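Chemist: Sharing a structure below in structure tokens format, with a few things to ask.
The values are calculated or read from the model by the stated rules, or taken from the named source; none is laboratory data. The model shown is predicted, which means the values in this text are computed figures rather than measured ones. Ideal geometry is used to build each Cβ from the backbone, glycine not excepted, and the neighbour counts take in all protein chains shown.
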Amino acid sequence: MTQFKSIDLVGNKKLVPYIVIVGLGGNGGYILQHVAQMMSIFSLQGEILCADSDIVEEKNLGNQLFIKDDIGKPKAQVLAKRYSNSKAYNIPIRSYTASYVETIEQLDALFSNTFELKMKNNNSNQIILPILIGAVDNNYTRVLFHKYFELKENLMYIDVGNHATTVPADWRDRDKEFWSKEELEKYRRSGWQGQAVCALKMEGEVITEPVGHFFPNILDVSNEKAPSEVSCSELAASNPQRVLTNKYSAMAVSTFINELFDEGTLTNHIIMYHVKKGFMKASGIPGNK
């Protein structure tokens, strides 16, 4: 019988997390809110950087954390300002909105502030942990994250992804009352599932594998465009996600983060969920048999 283990990341030291969240859309916005709140609750001295070059559009108001006054502004900038405010969680949150993150060099630059953090927290009783949270909807960027994980000596990499709904091509212009029975059935059955995978690498040793290990098909991007190459018409044609599924995605990520912040440990590796069934299940880290 397989036994499971808990990984102690900090020992008797104090955790100082440096978190980079890439993607501030349906999943990322909720993730940022949860992570910022927990960092405040546990009085941690770390920092958060959120990266997304997308601009808030009217279509985002339904299932993302934006209001009408945010339209036309960078998503990452809006949310970073909101949650770093002294009236909110009062923690350091910066934003990167210049471009999509598409190269190792760009990603490495987002983590460059860890050096400044080390100087500011020059204390042998503290451990600075870089954490990458991928909340993207394309595998091109996931491959980048996978390569980055392979290159780094120390990194926690959490990837979250969920299914979109299956809708007619003209769903924005045709109300559901005019959909066929087949179209309605496809819609009702879709958009409920997702998973979060927490990969961990310490001192060059892979403790838990990244998402690409379990879903190797995401690493095949031979026919996939970089986010910056996707046209406006292609973006407009993307299928919508369910807001409750986005919230489940954020809760799955928060399960890893909450344990880390509270206990300094990692116990779970993969979390699967099905929103319509009210189902969420974690798989632990295998230990000795």
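Chemist: Quick test of your reading of the structure: CYS198 fulfils all but one of (1) crowded, with 21+ Cβ neighbours inside 10 Å; (2) out of contact with any strand residue (DSSP E or B) (no Cβ under 7 Å at 6 or more places or on another chain); (3) modelled with pLDDT of 95 or more; (4) not aliphatic (A, V, I, L, M). Name the failing condition by number.
Modeler: (2)
Chemist: In segment 150-180, which residues are surrounded by 15 or more Cβ atoms within 10 Å (Cβ to Cβ), within 30 Å of ILE131 (Cα to Cα) and not hydrophobic (A, V, I, L, M, F, W, C)?
Modeler: If the condition is that a residue be surrounded by 15 or more Cβ atoms within 10 Å (Cβ to Cβ), within 30 Å of ILE131 (Cα to Cα) and not hydrophobic (A, V, I, L, M, F, W, C), then LYS152, ASN154, TYR157, ASP159, GLY161, ASN162, HIS163, THR165 are the ones that fit.
Chemist: Further, regarding this structure: Has segment 242-264 got any residue that is surrounded by fewer than 18 Cβ atoms within 10 Å (Cβ to Cβ), polar (S, T, N, Q) and assigned to a loop (DSSP other than H, G, I, E, B)?
Modeler: For segment 242-264, residues surrounded by fewer than 18 Cβ atoms within 10 Å (Cβ to Cβ), polar (S, T, N, Q) and assigned to a loop (DSSP other than H, G, I, E, B): absent.
Chemist: Restricting to segment 10-43, and then to whatever is outside any loop (DSSP other than H, G, I, E, B), small (Gly, Ala, Ser) and out of contact with any Ser or Thr (no Cβ under 8 Å at 6 or more places or on another chain), can you tell me which residue is surrounded by the fewest Cβ atoms within 10 Å (Cβ to Cβ)? Please lay out each step first, then the result.
Modeler: Filtering segment 10-43 down to residues outside any loop (DSSP other than H, G, I, E, B) leaves 14-22, 28-41.
Subset that is small (Gly, Ala, Ser): 28-29, 36, 40.
From what's left, out of contact with any Ser or Thr (no Cβ under 8 Å at 6 or more places or on another chain): 28-29, 40.
Numbers: GLY28: 31, GLY29: 28, SER40: 14.
The residue in question is SER40.
Chemist: Select the strands (runs of 3 or more DSSP E) contained entirely in segment 119-218, then report the ones holding at least 3 residues which are more than 15 Å from the chain's Cα centre (by Cα).
Modeler: Values: elements: 126-134, 155-162, 193-202, 205-208.
It comes to 126-134, 193-202, 205-208.
Chemist: Take segment 265-281 and flag every residue that is under 14 Å from ILE7 (Cβ atoms) and either in a loop (DSSP other than H, G, I, E, B) or aliphatic (A, V, I, L, M) (or both).
Modeler: LEU266, THR267
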